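The values are calculated or read from the model by the stated rules, or taken from the named source; none is laboratory data. Please read all numbers here as calculations on a predicted model, not as lab measurements. Cβ placement follows ideal geometry from the backbone for every residue including glycine, while neighbour counts extend to all protein chains displayed. Accessible surface is based on the protein model in full, side chains and every heavy atom, while ligands, DNA and RNA are left aside. Shrake-Rupley method; radii C 1.70, N 1.55, O 1.52, S 1.80 Å.
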Amino acid sequence: MTTMSTPTTGRVHALAARVRGPVLDATDPRLPAEVAAFNTTHTARPAVVVGATDAADVAAAVHWAGEQGTSVSVQSTGHGLMSDLAGSVLVSTRRMAEVTVDPVARTARVGAGVRWGRVIEAAAPHGLAPLNGSSSHVGVVGYTLGGGLGPMARRYGFAADHVRAVELVTAAGGIRRVGATSDPELFWALRGGKGNFGIVTAMEFDLMPVARLYGGGIFFPGDAAAELLHTYRTWVDTLPEETTTSIALLRLPPLPELPEPLRGRFVVHLRFAHLGSADEGAALLAPMRAAAPAVMDLVAEMPYAAVDSIHMDPTDPMPTWERGTTLRELPAAAVDELLAIAGPDVEVPLIMVELRHLGGAVGRPARVPDAVAGRGAAFTLFALGPMAGPLAETMPAITQSVVDRMAPWAARGALLNFLGAAGPDRVARLWDDTDRARLLAVKERLDPTGVFRHGHALPM
Ligand SMILES: Cc1cc2nc3c(=O)[nH]c(=O)nc-3n(C[C@H](O)[C@H](O)[C@H](O)COP(=O)(O)OP(=O)(O)OC[C@H]3O[C@@H](n4cnc5c(N)ncnc54)[C@H](O)[C@@H]3O)c2cc1C
């Protein structure tokens with residue numbers, strides 16, 4: 001596999017003649033806007049961008065890349081941009097914006113460029129909700145292919161568990177529709193194995209009968225972190241599967257858009273989502289509310305469409321570095337170690353150290369089994385810091401040290417969506433020997449020359 005850096009103008013024109021969307025070479029002034037990503041740590045520098053409008057455009061792009069002997073990358077929102085994609089033919093999917101909801105079947109069908117917000121909006125009038133994550137700005141397809149862990153996870157499982165069909169263009173350039181009965185092995189691998197097997201053009205998945213929930217976030221003073229984390233670790237064992245929670249140590253920047261009590265402060269952010277009545281939810285939440293006085297308590301009954309208010313993730317692009325792992329347990333010693341890493345008594349330039357409570361439906365195999373990694377763990381642990389100024393040099397090591405110090409309590413690997421930038425060997429270690437061999441066999445069958453080797457690529 002060679003890397004193409006400067007395809008001739010004639011070849012790019014030949015590609016442009018085959019697709020309906022725009023085709024941009026590396027010198028095109030429209031390219032920076034087309035590849036602009038949420039995570040600005042990396043700037044995508046593909047050789048060519050194809051602004052695909054449909055599956056035929058994607059197939060033409062993959063075919064053309066094959067003729068040039070180059071790799072193919074894909075981008076929707078850039079929430080998961082992990083490298084500069086140098087020399088690749090980048091398929092930009094944002095024009096593939098179809099969203100259809102079938103309220104009777106309780107399913108949605110989306111094009112590859114759709115963000116969760118559009119699905120939430122389309123499903124809500126029918127009293128339905130998708131299994132989106134903490135931010136509705138994230139892309140449906142990239143999130144779901146990596147598993148997809150959201151605020152209803154303990155009740156319903158990973159987003160990948162509820163995929164009904166995937167349409168994709170494979171390395172050979174063919175357009176395929178894959179479901180539980182057509183190529184079950186590829187269907188298994190796609191749901192959890194991310195972009196390794198082709199460019200997904202559309203996806204169909206279940207919606208859940210959820211119109212409202214009792215949820216939101218509570219900000220506590222950072223000084224109370226020890227009390228809160230120690231309460232949290234035992235409190236989660238009392239929660240039913242209808243309740244999904246996470247807790248984060250946040251060192252918030254002094255941004256004017258943040259409310260004054262949070263601006264530039266170190267706070268503990270508890271996130272709570274309960275699929276049940278407000279009374280029931282409030283009773284479940286009481287021990288955490290009693291653990292420390294809140295700076296801001298935003299937990300209330302809400303329409304599902306307000307789900308972003310649970311995590312309050314940032315929406316503006318920013319340069320960050322992240323590293324994640326999973327924990328099999330959270331004994332007192334693990335909480336003490338976490339406090340020694342990022343508690344109120346230490347100076348550390350991490351924006352967020354987050355624990356998400358797993359178990360419930362995410363701990364059980366999907367009805368149609370899939371390749372989502374990390375299923376048996378008790379918690380995810382995720383560290384994120386800024387990649388600006390001198391910190392850009394040290395942040396990879398700082399986030400890695402969080403994972404290393406928590407290793408005594410680690411489960412196997414990480415959830416792929418929370419792993420952070422990682423080479424093929426590290427990605428492959430997320431699965432046990434059996435599942436890794438299955439994934440590599442599908443990769444070998446579908447993409448023997450490694451056309452799809454960006455993002456979280458499996459080893460060749
Ligand atoms: C603010 C924020 C909040 C997040 N919250 C959560 C969360 O709550 N739960 C969770 O599970 N994850 C979460 N994530 C992680 C997120 O799910 C991944 O980064 C995901 O890959 C983003 O997908 P995207 O399409 O938006 O991003 P992109 O950067 O456009 O794509 C990322 C990768 O997804 C794959 N991909 C995208 N489109 C296609 C396609 N059409 N065909 C094949 N592969 C494709 C490719 O490997 C690509 O490199 C969050 C990330 C951020 C930045």
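Those residues that are in contact with a helix residue (DSSP H, G or I) (Cβ under 7 Å, 6 or more places away or on another chain), more than 12 Å from the ligand (Cβ to nearest atom) and not in a strand (DSSP E or B), I need them from the stretch 93-120; list them, please. Within the stretch 93-120, P103, V119, I120 meet the criteria. Within the stretch 408-428, the set of residues being within 18 Å of L358 (Cβ to Cβ) and in a helix (DSSP H, G or I) comprises W409, L416, N417, F418.
One residue is enough: does the stretch 389-405 have a residue meeting the conditions among the hydrophobic types (A, V, I, L, M, F, W, C) and in a loop (DSSP other than H, G, I, E, B)? Checked against the condition, which is being among the hydrophobic types (A, V, I, L, M, F, W, C) and in a loop (DSSP other than H, G, I, E, B), the stretch 389-405 yields no hits at all. Look at the stretch 38-51: where a residue is under 19 Å from R18 (Cα atoms) and a partner is surrounded by fewer than 23 Cβ atoms within 10 Å (Cβ to Cβ) and of a type in the set (D, E, K, R), sitting 6+ places away or on another chain with Cβ atoms under 6 Å, you get V48/D25; V49/E34; G51/R95. The set of residues in the stretch 164-190 that are closer than 16 Å to L131 by Cα and open to solvent by 10 Å² or more (accessible area, probe 1.4 Å) contains only R164. Tell me, yes or no, whether the stretch 211-219 has at least one residue that is part of a loop (DSSP other than H, G, I, E, B) and either buried (at least 23 other Cβ atoms within 10 Å of the Cβ) or in contact with a Phe, Trp or Tyr (Cβ under 7 Å, 6 or more places away or on another chain) (or both). Among the residues of the stretch 211-219, at least one is part of a loop (DSSP other than H, G, I, E, B) and either buried (at least 23 other Cβ atoms within 10 Å of the Cβ) or in contact with a Phe, Trp or Tyr (Cβ under 7 Å, 6 or more places away or on another chain) (or both), which makes the answer yes. Of the residues making up the stretch 47-70, those that are within 12 Å of the ligand (Cβ to nearest atom) and more than 11 Å from S92 (Cα to Cα) are A55, V62. Screening N132 on (1) within 18 Å of R212 (Cβ to Cβ); (2) open to solvent by 10 Å² or more (accessible area, probe 1.4 Å); (3) near the ligand (Cβ under 9 Å from one of its atoms); (4) of a type in the set (S, T, N, Q) shows it passes everything except condition (2).
For the stretch 191-207, the criterion of a residue being in contact with a helix residue (DSSP H, G or I) (Cβ under 8 Å, 6 or more places away or on another chain) and either surrounded by fewer than 18 Cβ atoms within 10 Å (Cβ to Cβ) or free of Cβ contacts under 8 Å to residues at least 60 places away in the same chain (or both) is satisfied by no position. Part of a helix (DSSP H, G or I) and open to solvent by less than 30 Å² (accessible area, probe 1.4 Å): is that true of L15 in this structure? In short, yes. Of all residues in the stretch 142-158, those satisfying the criterion of being assigned to a helix (DSSP H, G or I) and either open to solvent by 10 Å² or more (accessible area, probe 1.4 Å) or hydrophobic (A, V, I, L, M, F, W, C) (or both) are G142, Y143, L145, A153, R154, R155, Y156. Among the conditions (1) surrounded by fewer than 23 Cβ atoms within 10 Å (Cβ to Cβ); (2) in contact with a Phe, Trp or Tyr (Cβ under 9 Å, 6 or more places away or on another chain); (3) among the aliphatic types (A, V, I, L, M), V362 misses just one, which is (1). Number of residues in the stretch 429-460 that are within 16 Å of the ligand (Cβ to nearest atom), aliphatic (A, V, I, L, M) and not in a loop (DSSP other than H, G, I, E, B) equals 3. Apart from one condition, T9 fits all of (1) more than 23 Å from T449 (Cα to Cα); (2) modelled with pLDDT of 95 or more; the exception is (2). Taking the criterion of being part of a helix (DSSP H, G or I) and either more than 25 Å from I175 (Cα to Cα) or open to solvent by 40 Å² or more (accessible area, probe 1.4 Å) (or both), the residues of the stretch 32-91 that qualify are P32, A33, A56, H63, G66, E67. Residue-level analysis places T181 among those that are over 22 Å from the mean Cα position of the chain (by Cα) and free of Cβ contacts under 8 Å to residues at least 60 places away in the same chain.
Looking at the stretch 317-333, can you tell me whether even one residue there is within 19 Å of the chain's Cα centre (by Cα) and assigned to a loop (DSSP other than H, G, I, E, B)? Yes, the conditions are met somewhere in the stretch 317-333.
Residue by residue, here is whether (1) open to solvent by 30 Å² or more (accessible area, probe 1.4 Å); (2) not hydrophobic (A, V, I, L, M, F, W, C) holds:
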{"residue": "A342", "(1), (2)": "no, no"}
{"residue": "E347", "(1), (2)": "yes, yes"}
{"residue": "I351", "(1), (2)": "yes, no"}
{"residue": "P369", "(1), (2)": "yes, yes"}
{"residue": "E393", "(1), (2)": "yes, yes"}
{"residue": "A397", "(1), (2)": "yes, no"}
{"residue": "M406", "(1), (2)": "no, no"}
{"residue": "L419", "(1), (2)": "no, no"}
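Scanning the stretch 424-460 for residues that are within 17 Å of the chain's Cα centre (by Cα) and within 22 Å of L327 (Cα to Cα) gives V427, L430, H456.
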